[in-house]
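The values are calculated or read from the model by the stated rules, or taken from the named source; none is laboratory data. What you are looking at is a predicted structure, and each value in this text was computed from that prediction instead of being measured. Ideal geometry is used to build each Cβ from the backbone, glycine not excepted, and the neighbour counts take in all protein chains shown. Please note that ligands, DNA and RNA were not included when accessible areas were found on the heavy atoms of the full protein model with its side chains. Shrake-Rupley method; radii C 1.70, N 1.55, O 1.52, S 1.80 Å.
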Amino acid sequence: MEAAILIMALLFVAFVALGVYVTVKVVGAAKRGVEHTVTQARRTVEDTTLRAKSVGQPGVAGQLAQLRLSLRTSMRATQEALHARLAEDESLKESLALFERLSGHGHELDEELRRLEREPDKRKVAERMPELRERTERITHSADSLRWAARDRARQFADDDLASLSQQIEMESGALRDWSVKGPTTGENPYGDDVPGHPAPQARTAQPRTSQDQAPYVQAPQAIGPTQQPVTYPWQKAPRPEATS
C-alpha cells in the first residue's frame, strides 16, 4: 500500500513538473512572438517616418533621413538573404560572421545619424555630411556585395542542378524512344498462344533433322505377295525373340 502511494505521489510530481515546463515554454514563445511583432511594427513606423522626412523635409534633415533609410534598407535586406540561405549552404556561416561585424558599424552609424537629427546646430551637421555620406556608402556597398554574392552563388548552384537534371532527362528520353522502336526483346507472345490472330512465335533457329528423325515419316516399301512386312515405327518396342526350347 505504501509503495502504491509513493508511486502515485511521484507521478503527480512528474505531471506537475511537466505542466510547469510546458507552461514556461508556451509563455516564452508567446513573449518572443509579441516582441518580434512589436519590433517589426516599430521598424515599419520608423521606415515610414524616414521616407516622409526624406521627401518632405529639405536641407540637412532630409539628407540625414535619406542616409538612415538607405543604410537600414541595405542592412536588413542582406541579413534576410544570408539567414534565408544559411540552411541550404553551410559555407555562408563565414559570410554571416563578416556581416555581424559590419552590422556593428551600421548600428553605430545609425545611432549617430539619429542624434544628428536632433542637433540644433544645422551648420555643423552640414559640414559633416560628406563624411557621413561616405561612411554610409562604404557600409551599404559592403552589405550589397555580400547579398549579391550569396544570390549569385545560389543561382549558380541552381543552374548546375538544372543542367544535370536536363542531361539525365535527355538520356532517359533517348532510352524510352529506343525501347518504343525496338519493342520488347523477349520472344514470348504477350497475347498468349491461343488468341486468334496472334500466333505463337517461331523458334529462332530450327535444328536440322537427322536421318533417324526422318525415318518415321518415310513409309517402308511393301513387298509383293503374302510375305508383306508390317510397318514399324521407332516409338514401338522391338518384338522380343521367341524362346527356344
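Computed over region 1-133, relative contact order equals 18 percent, with contacts defined as Cα pairs under 8 Å that lie 6+ residues apart. Qualifying trypsin sites (Lys or Arg not before Pro) in region 34-135, where qualification requires a DSSP coil assignment and no more than 13 other C-beta atoms within 10 Å, comprise ARG118. Among the GluC sites (Glu not before Pro) in region 85-163, those placed in a DSSP loop whose Cβ has at most 11 other Cβ atoms within 10 Å are GLU88, GLU90. Residue by residue, region 86-103 carries 3J(HN,Hα) couplings of 5, 5, 8, 9, 5, 5, 7, 4, 5, 5, 5, 5, 5, 5, 4, 5, 5, 5 Hz when phi is fed to the Karplus relation 6.51 cos²θ - 1.76 cosθ + 1.60 (θ = phi - 60°); x denotes Gly or Pro.
Taking the accessible area of region 106-185, probe 1.4 Å, and keeping the other protein chains in place, the carbon and sulfur fraction comes to 54%. Checking the a/c ratio against 1.5 first, then a/b against b/c, what shape does the Cα gyration tensor give for region 23-164? It is oblate, given that a/c is not under 1.5 and a/b is not larger than b/c.
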